[in-house]
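Down below is the structure, laid out as structure tokens.
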Amino acid sequence: MNDTAVPMISVRGLGKSFGGHRVLQGIDLDVRRGEVLTLIGPSGSGKTTVLRCMNFLEAYDEGEVRIRGALLGYRRGPDGRLLPESERIVAEVREPVAMVFQQFNLWPHMTALGNVMAPLTLAKRMPPERAQKLAMAALARVGMADRAGQRPGSLSGGQQQRVGIARALAASPEVLLLDEPTSALDPELVDEVLEVIKSLSRDGMTMVMVTHEMSFAAEVSDRIVFMERGRLVAQGTPDSIVYRPQNERVRAFLQPWVRRSLAGRAEPASINPAP
Amino acid sequence: MNAIDMGVLLGLLPDFGTAALRTLALLAAAVAGGLLIGFIANLARELGPPLFARLYWVYTAVWRGVPFLVHLFIVYFGLPSAGLALSPFQAAALTLAVYSGAYFAEIFRACWRAIPAGQIEAARAAGLSRRQVFAVIQCPQALRAAVPLIANQAILVLKESALASVITYPELTMTAGRIVAVQFTYVEPYLLLALCYWLLAAAIARAGRLLARRTAIDAMVKK
């Protein structure tokens, strides 16, 4: 099969329940190579869960997730049922996928450099000199090379998140999952992180992102997916979802943002008022 | 009321010095053994198959649910009938090690659990194995957090060690009791006994504080 023909991530009929509560159902989604795809929707709509299923941090219980064609988290038994896959195989299949977390999730006892190097020396068993070179390059990429020796506790939130992005980038992933990367940041620290993500999108990095930064999502995304109550409700270009939403639910969801934007400076000037 | 007789007190010092060394030997053996047992128990619970988690629960429940003295009687008086006769020191050190091991295990478990789940998720997402997560992410942080709790538990072990006197290991408490029985002076031996325990406990607490300060992550940032 041609490499570019296979989606980076392919999600089919994805479903997930917590206890008796169904949080995802019937999600179909393909992430193409080089695409920036953003999931939006109200809290509890399942955006983050979809993202977490894409690297099996969350085990799904219906449908399937494939990374470059390989089934993630399970294998097919002789009767066609899904059986849990071994830890080692799961790690192998998810290898092209890296994740950036809302709460950064840096390891506080390691320096910034140590945080970025650890996946290389431990998961990839890279010699330390080579790992350090790549880690420093990744830190430079996010503008944090001069803070390499500092521990997370002495960095600002924005700096910590940039280290988090460097940690994800160091292993040269093919797709980056970003779970509300700026939601835990003070407003004045948001831009430095968004700048880094923008520059990654310019370089053609495949990304799947959950965010509440609508203007930003509209600016960097190739495609925006709107979710509600565990279902995929609408999807399309930023223009068709954010600026000219046809779907009633999408329009209702974006209303507060439109009002705020118009109150500031008439940023989304092309917005269609509801007929 | 008679004041404390300094002459009597000074005369007690050599015996108490020897006895204090015996208490220290017992304490060292028990804490070293207990830490080792507790760490291995926690390791097995974290990384082993589900059966190990159940064994862990049985071990900590049984050893924390029965008085130390009862365990000591079973080991010292009961094991000989199973063909295993231990000296008073061996019996006391072994029992105290296994007993405190249950508490140390719970300290480790609590400190392991206290590490934010997000850190573990980040490690798993980055491809680290469960073993690597244990050794590189959890160990360095959990052991640091455990230091003050370990010091506190060591003080409790010190005080439990007084019960070794019941099976005739001549540590501090037994030594004091013997002197009282022979000399019929109560105040000086028991006061000195209390002072010895208090000094040892204070030393352990201080060592714990120093070690905690030395190993704190914040301190390393400033270095």
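Bear in mind that the values in this text are calculations on the coordinates, not laboratory data. Computed from a predicted model, the values in this text were never measured in an experiment. Cβ: placed from backbone, ideal geometry, glycine included. Neighbour counts: every protein chain shown.
Relative to the Cα centre, the charge distribution of chain A, modelled as +1 at Lys and Arg Cβ and -1 at Asp and Glu Cβ, gives a dipole magnitude of about 280 debye. Dipole check for the protein assembly as shown: with +1 at the C-beta of Lys and Arg, -1 at the C-beta of Asp and Glu, and the Cα centre as origin, the magnitude is about 340 Debye.
Think of each Lys and Arg Cβ as +1 and each Asp and Glu Cβ as -1; about the Cα centre, that makes the dipole of chain B roughly 1020 debye.
In degrees, nearest 10, range 0 to 90: what is the angle between the Cα axis of helix B:50-65 and the longest Cα principal axis of chain B? Relative to chain B, helix B:50-65 is tipped by roughly 20 degrees.
Starting from the Cα of B:LEU86, move 7 Å in the Cα-to-Cβ direction to define the label point; list residues of the range B:15-55 whose amide nitrogen is under 19 Å from there. Only B:22-41 fall inside the zone, counting backbone N under 19 Å. With springs connecting C-alpha atoms under 10 Å apart, model chain A as a Gaussian network and identify which of A:ALA171, A:ALA135, A:ALA91 has the largest mean-square fluctuation. In the Gaussian network model the winner is A:ALA91. DSSP bridge analysis restricted to chain A gives an antiparallel fraction near 55%, rounded to the nearest 5. Helix B:6-47 against the longest principal axis of chain B: what's the angle in degrees, Cα atoms only, rounded to the nearest 10? That helix lies at roughly 20 degrees to the long axis.
Using the scaling law 2.2 N^0.38 Å as the reference, what is the normalised Cα Rg of chain A?
1.04
Per-residue Cβ neighbour counts within 10 Å put A:CYS53, B:CYS139 in the sequence B:CYS139, A:CYS53, beginning with the fewest. At an R0 of 30 angstrom, the distance between the Cβ atoms of A:ALA5 and B:ARG131 translates into a FRET efficiency of 0.20. Figure legend: label point modelled 7 angstrom from the Cα of A:SER156 along Cα→Cβ; residues of the range A:178-193 with amide N under 19 Å from it are A:181-193.
Quick check: from the Cα gyration tensor, does the range A:122-187 come out rounded (a/c under 1.5), prolate or oblate? Oblate, because a/c is 1.5 or more while a/b does not exceed b/c. The value obtained for the protein assembly as shown, namely the Cα convex hull volume divided by the number of residues, is 238 Å³ per residue. Would you work out if the range A:1-85 is rounded, prolate or oblate? Take a ≥ b ≥ c from the square roots of the eigenvalues of the alpha-carbon gyration tensor; rounded if a/c is under 1.5, else prolate when a/b is larger than b/c, oblate otherwise. Taking the square roots of the gyration eigenvalues as a ≥ b ≥ c, the range A:1-85 is oblate. From its DSSP helices (H runs of at least four residues, each -39,500 (n - 2.57)), chain A gives a residue-normalised ellipticity at 222 nm of -10000 deg cm²/dmol.
Return the average number of partner chain Cβ atoms within 10 angstrom of each residue Cβ along peptide B:126-135.
So the per-residue partner count for this stretch is 5.
For helix B:88-113, report the angle its Cα long axis makes with the longest principal axis of the Cα atoms of chain B; keep it between 0 and 90° and round to the nearest 10°. That helix lies at roughly 30 degrees to the long axis. Quick one: grab the alpha carbon gyration tensor of the range B:6-220, order the square roots of its eigenvalues as a ≥ b ≥ c, and give me rounded if a/c is under 1.5, else prolate or oblate depending on whether a/b is larger than b/c. Because a/c hits 1.5 or more and a/b fails to exceed b/c, the range B:6-220 counts as oblate. Segment B:VAL66..B:ASN152, full-extension length gain: 28.9 nm, with 0.36 nm per residue of separation and the alpha-carbon distance subtracted. Shielding of peptide A:101-113 by partners, expressed as the average count of other chain Cβ atoms within 10 Å per residue Cβ, is 5.
DSSP bridge analysis restricted to the protein assembly as shown gives an antiparallel fraction near 55%, rounded to the nearest 5. Restricting attention to chain A, lysine pairs at least eight places apart or on different chains and with alpha-carbon atoms under 30 angstrom apart total 6. Per residue of chain B, the DSSP helices (runs of n ≥ 4 H) give a summed -39500 (n - 2.57) that works out to -25500 deg cm²/dmol at 222 nm.
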